[in-house]
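Every number in this text was worked out from the coordinates using simple rules, so none of it is lab data. Predicted, not measured: the structure shown is a model, and the values here were computed from it. Here the Cβ positions follow ideal geometry from the backbone for every residue, glycine too, while neighbour counts run over all protein chains shown.
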């Protein structure tokens, strides 16, 4: 809750959702507690206004979860890889379309996207490069 006024706006919007949509704010979740949280999800949605790297996005991909994010992160061209979507925040129609698409998946289609997400993250893990990037980030 870095920005209380933003959270108030979120709560207002959550209150306007239809009854068939549930939002559960879970707060910050320690890394060791993430596996069961991700196990319950089919996709990871983060329509953020900006991320330098997007650690949560990478974590979701590494758990085999397709991601639905904004185009304000370094994670781009996701749909062409069948690992997720990076959409403009201008309007909600495309986000709605993606959610409808995902709801229409059968298990076979979900498995394709899930496996692609996992492999996408796995290919991008270059330990030496990540160590160097973290050194730059925290220097």
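In contact (Cβ under 8 Å) with a residue 24 or more places away in the chain, out of contact with any strand residue (DSSP E or B) (no Cβ under 8 Å at 6 or more places or on another chain) and either over 24 Å from residue 63 (Cβ atoms) or surrounded by 12 or more Cβ atoms within 10 Å (Cβ to Cβ) (or both), is that true of residue 139? In short, no.
For residue 94, the requirement of being exposed (fewer than 10 other Cβ atoms within 10 Å of the Cβ) and either within 23 Å of residue 17 (Cα to Cα) or touching a helix residue (DSSP H, G or I) at 6+ places or on another chain (Cβ under 6 Å) (or both) is not met. Taking the numbered list (1) closer than 22 Å to residue 10 by Cβ; (2) surrounded by 14 or more Cβ atoms within 10 Å (Cβ to Cβ); (3) touching a helix residue (DSSP H, G or I) at 6+ places or on another chain (Cβ under 7 Å) in turn, residue 70 passes all entries but (3).
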